[in-house]
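Colleague: My questions all concern the structure below.
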Amino acid sequence: MSALDRKLLRDLWRLRTQVLAIAMVMAAGVATLVLAIGAYRSLDETRETYYERYRFADVFAQATRAPDWLAAEIAEIPGVAAVETRIVKTAIMDVAAMPEPATAMLVSMPAIGEQVLNRLYMRQGRTPDPERADEVVVNEAFAKAHGFVPGDTFHAIIDGRKRELVIVGTALSPEFIYALGPWDMMPDDRRFAVGWIARKAMESAFDLDGAFSDVSVKLLPGASEAAVIERIDTLLERYGGRGAFGRKDKQSHAFLDAELNQLAAMARVLPPIFLFVAAFLINITLTRLVALEREQIGLMKALGYRSSAIGAHYLKFVAAIAVIGVVIGGIAGTWLGFGLTRLYGGFFHFPFLVFQWGADIYAIAVVVTVGAAMLGGLRAVWSVVRLPPAVAMHAAAPVRYHKLFAGGWLGGLSQTSVMIGRHILRYPVRAGLTMLGVALSGAILVASLFAFDSIEFVTDFTYYRADRQDATLEFTDAQPARILNEVRRLPGVLSAEPMRAVAIKVRHGHLERRVAVVGKPRGPDLSRVLDTQFVPVAMPETGFAPSEALADILGVRVGDIVQVETLEGRKRIVDMPVTAIIQSYLGLLAFMDIDALNRLMRDAPMVTGVNLAMDAGRANDLFAAVKDMPAVGSVALQKKSLEKFKETLAENLAIMVSVYTGLAVVIAFGVVYNAARIQLSERGRELASLRVLGFTRAEVSWILLGELALLTILALPLGWFLGYWVAWIAAQGLQSELYRVPLIVSRQTYATSSLIVLGAAIVSALLVKRRIDRLDLIDVLKTRE
Amino acid sequence: MPQPVFIVEALTKVYRTGDVEVHALRGVDLEIDAGEFLVLLGPSGSGKSTLLNILGGLDHATAGRVLFRDAELTAFSERQLTLYRREHVGFVFQFYNLVPSLTARENVSLVTEIATDPMRPEEALERVGLGARLDHFPAQLSGGEQQRVAIARAIAKRPKVLFCDEPTGALDSKTGVRVLEALVKVNQDLGTTTAVITHNVAIGQIADRVVYFADGQVARVEENATRQVAAAISW
Ligand SMILES: Nc1ncnc2c1ncn2[C@@H]1O[C@H](COP(=O)(O)OP(=O)(O)OP(=O)(O)O)[C@@H](O)[C@H]1O
Ligand SMILES: [Mg+2]
C-alpha cells in the first residue's frame, strides 16, 4: 500500500464520525432511491403481470338493465378485443356473530364456460356450480376476516329474501385489489365482501333474465379508449347506462395508482435533497481538510509528487465516503424496498409478487451518488491541484473579518455574540447552506406529515360537517317515497332523510360528464351539502350544485347554465342554473333538490337511499331489522368506517413518522454535526485561548454552538416554508377525479417537525460539546496555527 | 516585608505518555511576593512553562502544593480553576492568541465583560501605547502591536498576577523592548505581580529577582539590587 493510501485510511478513521455522518446522508438518498424505484417497478410489474394473466378489463360500464344481445354490438365496436357482461349488485349480509350488517358486492359468474375478463385467482375450493343458486366464492380477505373456509355459510338478503349461501371457494381478483365498501375510506374486510355467484342465480334473484347490469371490455392494443367509451355510452344510453370509464377511474386500480405516484414522487424528490446536502457536507469537510494539510500538500509537491496524484488522493477520500454511503444505502434500500413491496402486496391482495430490482437501479445509485460526491469535492480538490508548492509552505493569509456588529449600532451585544455574528457573515455561503440543509430536514417532515392533517381534515369534513348521519341505507332499486316512513318506524331510528340518486349527463358548452346527481331535501340536517366556504347550502327549488371538482371539469361557476340529460327512466334534457359549488374531496358529486329531481324524472316521488341518525343503544335492534328489510342493497355505517379508517391510519402513522423522522434526523444531524466539527477544527485554538482567559466551558461552547443554534432556529421557518411548498406540489400531484387532497398543514405538524429537527441538532451539538470540553489548553499556547 | 502571593512547596509534575515518564518538575520550592517582577530563565525543557501553567491554573500538579494567598491552588477543582483564571490571572503568550474576528478594543472587551472590576478597554490599550489602534483587527496589526493588545487584554481586569511565557520570543529587539516597557509600566502602575519566562538573559536586568531553572528544579535565585529600565537593554 502506498504511503498516500495509508494516509487516506488514517484520515477516514480519524474523521470517522464526520465521514459516517456524511455517508449516512448519502445512504438515505441511495436508500430512498433504491426503495422507491425498486418498489415502484416491482408493484407496477406485479400489477401488469396480474392484470395480464387474469385479463383485467380496460373499460367498464354499468347500466340498469341492458339486454344480452347488446354484448354482441359492444364487441363490434372497433378496438374492442373482448367483452364480458355480468350482473353486479350489492346486497346486505347477515354474518353470524356480527351484529352490524355487512355489504356484499355480488358479481355473476358466466353461465357457460370460464370468465373471459377479470378472472378469479382461486385460493381455495372451486367456482360455483352454474346451476346452484346457493354457492358463492368470496374474496379471500373477507373469508380471512371471519375465519371462513369452504363449506361455511352466511346469509345474504337477495331480492327481499334471506338466503343461506355456502362458500365453495375463496379467490382474489384483479378487479378488487383494493375493495372499498360504501362510504369506507379504508378497506374493512369484515364488513365488505365480494361474492361471485352463478349467473343464473343472479338473473332470477334480481329479475334480470336475459339482461346484464355491468359490462367489461378489453381493448385491442392501440385502440382509443375514449372512442370506445363514447360508443359504449351511446349503446347503453337507453338502458340506464351510467357512463363507461377506463381503468384510471376504476377505484381499485386508481388507489394503487395513487400509491405508485407517491413512490415515483419519492424517487424524484428525496434523493436529490440528500445528495445535495451530502455534496455540501463533502465540500465543507474537504475544504477544511485541505486547509489543514496545506503545508503537507506543499511538501509533497516539493518532494516531486505530481499535482494529479495529490488531487486523486483527495478524490479517493471523497469516493470512499460515497462508496460507504452507497453500500449502506443500497442494503437498507433493498431491504426496506422488499419489505414495502411485500406490505403493499398484502394490502392490495396480489396473488404473487414480481420483484424488479435490476442492476440498473444500483448503477443509477452509484453514478448519482459518486457524481454528487465528486461535485461536492471538486472545488477543494481543484485548489489542491492548483496550489503552487512555494505558496503552500507558507501559512495561509489571515482571514479578513468585517467590522459589522461594531459596538456602535448594536452596543448591547457581548463580544461573544459579536464573534458569532462576524463569523456567520465571514462565511455567508457556508452559513446559508448550513441553514438550508437544516431547513430541508424540516421540510421533509412537514411535507410528509401534512398528509395526516389533510386526511384529518377530510374525515372531519366528511363525517362531522357534511355527512353526519350514523348510517346510510341504499336500496337495490329506487323505491316509492313512502318507504321513508317504514324506515322511520325501525327500532332505534331517531331521524331519517331521503335521497335519490339518478344517473345523468351534464353538459356545459362542449364539455360533458356522466355523473350521478343526488337529490336531497331542502334543508337536510344529517347529510348536509356545504359550499366551498363550508356553509351549508339549502337546495334551491331549481338548480344544480356540482362539486368543485366537477365544476372545474365543466368550467362552470355559480350562475352559469348547464344542460342536464337524464340517463334513467324517460330521457329528459333540461337547462338548469348552477346555484352553488359544493365542497367535496371524494369523487365527482352533484346535488339537486330531491323534489326538483323527482319532477325532472316525471314520476312519483322516489328514493334510492335513506340517511339516518340512530340511537346507539338500540343499534343492534336496528341492525337486526335492517337485515330483514327486503329492499336494502347496502348499509353504510359512517362511524364504523371512520373508526376503521383511524385505526388503519394510526398504524401507518407510526411507520411513516418513524421513517421520515429517521430521514430528517440523518440530514439534521449530518449538517449540524459536520458544521460544528469543522468550526471546532477552525476555531479550536481560539476557543482554547478563551478558556485560558477564564471563560467557562459553557461560555466557550456557546460561541460555537450558539452560531449553530442561531442558524438552526433561523432554518426552522425556512423549513416550514419549503415544506409547505413541497406539500403543495405533492397535493397537486395527488389530485384526481377520485379524490382531492386539501393542503392543510397544522401547527402541530410544524411544531413536530421543528422539534425533531431541534432534537437532532441538539444531540449533534452535545457530541461536539464533549470535544469542546476536552480542548487542550496548554497545547494551543505552544504552537502558532 | 511584602506578603507572598504564591508559596510553592515541593512541586512535582510528571507527564506520562504511554510508558514514558517525563519529570518536568522535580520538587520546586519558591515564594513570589506581591508586586514583584520576576524573570524565569533556564534551558529549554527545564520546566519553566510547566511551573507557570500550574501557577496560572492551566495544569494540575502531580505532587506538592501551591498556595495562592491563603487558598490551596493545587486542590482546586476544574471549575474553581476557571474562576481563578477569570478573576486573578492575566496571561501573555509567545503567539498572542488573539481572537481574529474581534478588533483590538473588542479583544480587550472580551475579558472586561466577564471581570468584576475591570478598567475600560480603551484605558488598557492606552497603557500599552495602542490608544490609536483601537478598531484594528489582529490581522491588521504588527506582531509587537498584537502582543501589546494581548498585554492590554491580560491587564484590563486588574489581575493580581500576570504570567508571560516568552512574550518577546517572536519579536525583534526593538519591538520586544516596547513590549517589556509595557509590562514594567503595568507592574509599577498597578502593582501587578509579574512573572516573565524568557531565554534572553538580558531581560533579567529589568526584574526584581531572576529565577534560574535547570532540570525541573530551581537552580538559584538572584536578586537585582537595582532594576534596569527596559529601554536600556537590547539583544
Ligand atoms: N504535555 C506534555 N507531555 C509530555 N511531556 C511534556 C508535556 N509538556 C511538557 N513536557 C515535558 O516537560 C518538560 C518541561 O517542559 P516545559 O515546557 O516546562 O519546558 P520549558 O522550560 O518551558 O522549555 P522551553 O524553554 O523550551 O519552553 C520537557 O521535557 C517537556 O518535553
Ligand atoms: Mg516553555
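Colleague: Counting just the residues of region A:680-694 that are at the interface with chain B (Cβ under 7 Å from one of its Cβ atoms) and within 21 Å of B:L52 (Cβ to Cβ), which one comes out surrounded by the most Cβ atoms within 10 Å (Cβ to Cβ)? It would help to see each step written out before you state the result.
Modeller: To start, the set of residues in region A:680-694 that are at the interface with chain B (Cβ under 7 Å from one of its Cβ atoms) comprises A:686, A:689, A:692-694.
From what is left, the residues that are within 21 Å of B:L52 (Cβ to Cβ) are A:689, A:692-694.
Details: A:S689: 26, A:V692: 23, A:L693: 24, A:G694: 24.
Out of the qualifying residues, it is A:S689.
Colleague: So in region B:1-28, with the set limited to residues that are of a type in the set (A, V, I, L, M, F, W, C) and exposed (fewer than 15 other Cβ atoms within 10 Å of the Cβ), which one is nearest to ligand 2 (Cβ to nearest atom)? It would help to see each step written out before you state the result.
Modeller: Filtering region B:1-28 for residues of a type in the set (A, V, I, L, M, F, W, C) gives B:1, B:5-8, B:10-11, B:14, B:20, B:22, B:24-25, B:28.
Cutting the leftovers down to exposed (fewer than 15 other Cβ atoms within 10 Å of the Cβ) gives us B:1, B:10, B:14, B:20, B:22.
Values: B:M1: 31, B:A10: 21, B:V14: 17, B:V20: 19, B:V22: 13 Å.
Per the criteria, the residue is B:V22.
Colleague: Could you tell me whether any residue of region B:59-80 is within 16 Å of ligand 2 (Cβ to nearest atom) and of a type outside the set (F, W, Y)?
Modeller: First, the residues of region B:59-80 that are within 16 Å of ligand 2 (Cβ to nearest atom): B:59.
With of a type outside the set (F, W, Y) added as a condition, the list becomes B:59.
Yes: one or more hits.
Matching residues to (1) within 16 Å of the chain's Cα centre (by Cα); (2) under 21 Å from A:T696 (Cβ atoms):
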site: B:Q80; (1), (2): no, yes
site: B:F95; (1), (2): yes, no
site: B:V99; (1), (2): no, yes
site: B:T103; (1), (2): no, no
site: B:I114; (1), (2): no, yes
site: B:M119; (1), (2): no, no
site: B:H136; (1), (2): no, no
site: B:R153; (1), (2): yes, yes
site: B:R158; (1), (2): yes, yes
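Colleague: Quick one: B:I7 ticks every box in (1) within 14 Å of chain A (Cβ to nearest Cβ); (2) away from ligand 1 (no atom under 15 Å from the Cβ); (3) more than 16 Å from the chain's Cα centre (by Cα) except a single one, so which number is it?
Modeller: Single failed check for B:I7: (1).
Colleague: In the list A:T90, A:T85, which residue meets the criterion of being touching a Gly at 6+ places or on another chain (Cβ under 7 Å) and not in a helix (DSSP H, G or I)?
Modeller: Numbers: A:T85 fails: touching a Gly at 6+ places or on another chain (Cβ under 7 Å).
Within the list A:T90, A:T85, the selection yields A:T90.
Colleague: Let me ask something else about it. Restricting attention to region A:133-145, does a residue exist that is under 24 Å from A:R247 (Cβ atoms) and in a loop (DSSP other than H, G, I, E, B)?
Modeller: Taking every residue of region A:133-145 in turn, none turns out to be under 24 Å from A:R247 (Cβ atoms) and in a loop (DSSP other than H, G, I, E, B).
Colleague: Could you tell me which numbered condition B:T168 fails, if it satisfies all but one of (1) more than 16 Å from ligand 1 (Cβ to nearest atom); (2) free of Cβ contacts under 8 Å to residues at least 40 places away in the same chain?
Modeller: Condition (1) is where B:T168 drops out.
Colleague: Out of all the residues in region B:175-220, which are basic (K, R) and within 16 Å of ligand 1 (Cβ to nearest atom)? Show your work before the answer.
Modeller: Quick first cut of region B:175-220, residues basic (K, R) only: B:178, B:185, B:209, B:220.
Once the filter is applied, which keeps residues that are basic (K, R) and within 16 Å of ligand 1 (Cβ to nearest atom), region B:175-220 yields only B:R220.
Colleague: Also, quick follow-up: If A:V562 satisfies all but one of (1) in contact (Cβ under 8 Å) with a residue 40 or more places away in the chain; (2) touching an Asp or Glu at 6+ places or on another chain (Cβ under 7 Å), what's the number of the condition it fails?
Modeller: Among (1) in contact (Cβ under 8 Å) with a residue 40 or more places away in the chain; (2) touching an Asp or Glu at 6+ places or on another chain (Cβ under 7 Å), the lone unmet condition for A:V562 is (2).
Colleague: How many residues does region B:29-49 contain that are within 16 Å of ligand 2 (Cβ to nearest atom) and either among the charged types (D, E, K, R) or touching a residue at least 40 places away in the same chain (Cβ under 8 Å) (or both)?
Modeller: First pass over region B:29-49, keeping only residues within 16 Å of ligand 2 (Cβ to nearest atom): B:38-49.
Then drop every residue that is not either among the charged types (D, E, K, R) or touching a residue at least 40 places away in the same chain (Cβ under 8 Å) (or both), which leaves B:38-44, B:46-49.
Going through region B:29-49 one residue at a time, the tally reaches 11.
Colleague: Please go through (1) within 13 Å of another protein chain (Cβ to nearest Cβ); (2) within 16 Å of ligand 1 (Cβ to nearest atom) for B:T116 and return the number of the only condition it doesn't satisfy.
Modeller: All conditions pass for B:T116, except number (2).
Colleague: Which is more than 16 Å from ligand 2 (Cβ to nearest atom), within 14 Å of chain A (Cβ to nearest Cβ) and touching a residue at least 24 places away in the same chain (Cβ under 8 Å), of B:D208, B:D189, B:D135? Before you say what the answer is, go through the steps one by one.
Modeller: On the way: B:D208 fails: within 14 Å of chain A (Cβ to nearest Cβ); B:D189 fails: within 14 Å of chain A (Cβ to nearest Cβ).
On inspection, the qualifying residue turns out to be B:D135.
Colleague: Just give me the residues in region B:135-149 being open to solvent by less than 30 Å² (accessible area, probe 1.4 Å) and of a type outside the set (G, A, S), in sequence order.
Modeller: Taking region B:135-149 and keeping what is open to solvent by less than 30 Å² (accessible area, probe 1.4 Å), we get B:137-138, B:141, B:143-144, B:147-149.
Those that are open to solvent by less than 30 Å² (accessible area, probe 1.4 Å) and of a type outside the set (G, A, S): B:F137, B:P138, B:L141, B:Q147, B:R148, B:V149.
Colleague: Which pairs turn up if I take residues in region A:768-785 that are more than 15 Å from B:N53 (Cβ to Cβ) and facing chain B (nearest Cβ under 10 Å) and look for partners that are modelled with pLDDT of 75 or more and more than 14 Å from ligand 2 (Cβ to nearest atom) with beta carbon separation below 8 Å, at least 6 apart in sequence or on another chain?
Modeller: Between residues of region A:768-785 that are more than 15 Å from B:N53 (Cβ to Cβ) and facing chain B (nearest Cβ under 10 Å) and residues that are modelled with pLDDT of 75 or more and more than 14 Å from ligand 2 (Cβ to nearest atom), the close pairs are A:D773/A:R697; A:D773/A:S701; A:E785/A:R685.
Colleague: If you go through region B:89-113, how many residues are more than 10 Å from chain A (Cβ to nearest Cβ) and in contact with a strand residue (DSSP E or B) (Cβ under 6 Å, 6 or more places away or on another chain)? Break it down into steps so the answer makes sense when it comes.
Modeller: Here is the first cut: in region B:89-113, the ones more than 10 Å from chain A (Cβ to nearest Cβ) are B:92, B:104.
Checking the rest, the ones that are also in contact with a strand residue (DSSP E or B) (Cβ under 6 Å, 6 or more places away or on another chain) come to B:92.
Residues that pass the stated criteria total 1.
Colleague: Among the helices (runs of 4 or more DSSP H) confined wholly to region A:302-421, which include 3 or more residues that are of a type outside the set (G, A, S) and crowded, with 17+ Cβ neighbours inside 10 Å?
Modeller: Working: elements: A:307-347, A:359-386, A:389-393.
In region A:302-421, the matching helices (runs of 4 or more DSSP H) lie at A:307-347, A:359-386.
One line per residue, one yes/no per condition, for (1) open to solvent by 20 Å² or more (accessible area, probe 1.4 Å); (2) away from ligand 1 (no atom under 16 Å from the Cβ); (3) more than 8 Å from chain A (Cβ to nearest Cβ):
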site	(1), (2), (3)
B:L30	no, no, yes
B:L40	no, no, yes
B:L51	no, no, yes
B:D59	yes, no, no
B:V66	no, no, yes
B:E72	yes, yes, yes
B:E78	yes, yes, yes
B:E87	yes, yes, no
B:E123	yes, yes, yes
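Colleague: Then there is this: What residue, among those in region B:150-184 that are within 16 Å of ligand 2 (Cβ to nearest atom) and open to solvent by less than 10 Å² (accessible area, probe 1.4 Å), is nearest to B:F95 (Cα to Cα)?
Modeller: So the residue we want is B:P167.
Colleague: Select from region A:464-478 the residues that are open to solvent by 40 Å² or more (accessible area, probe 1.4 Å) and in contact (Cβ under 8 Å) with a residue 40 or more places away in the chain and write down the one among them that is farthest from A:I158 (Cα to Cα). Break it down into steps so the answer makes sense when it comes.
Modeller: Here is the first cut: in region A:464-478, the residues open to solvent by 40 Å² or more (accessible area, probe 1.4 Å) are A:464-465, A:468, A:474, A:476-478.
Checking the rest, the ones that are also in contact (Cβ under 8 Å) with a residue 40 or more places away in the chain come to A:465, A:468, A:474, A:476-478.
On the way: A:R465: 34, A:R468: 28, A:E474: 14, A:T476: 9, A:D477: 12, A:A478: 16 Å.
Out of the qualifying residues, it is A:R465.
Colleague: With the condition kept exactly as written, say whether any residue in region A:453-461 is free of Cβ contacts under 8 Å to residues at least 40 places away in the same chain, on the phi < 0 side of the Ramachandran plot and not in a helix (DSSP H, G or I).
Modeller: Checked region A:453-461: no residue is free of Cβ contacts under 8 Å to residues at least 40 places away in the same chain, on the phi < 0 side of the Ramachandran plot and not in a helix (DSSP H, G or I).
The values are calculated or read from the model by the stated rules, or taken from the named source; none is laboratory data. Bear in mind the structure is a predicted one, so any value in this text is a computation, not a measurement. Because the Cβ atoms are built from the backbone with ideal geometry, glycine has one as well, and the counts that use them run over all protein chains shown. Protein only, heavy atoms only, side chains kept; ligands, DNA and RNA dropped before computing areas. Shrake-Rupley method; radii C 1.70, N 1.55, O 1.52, S 1.80 Å.
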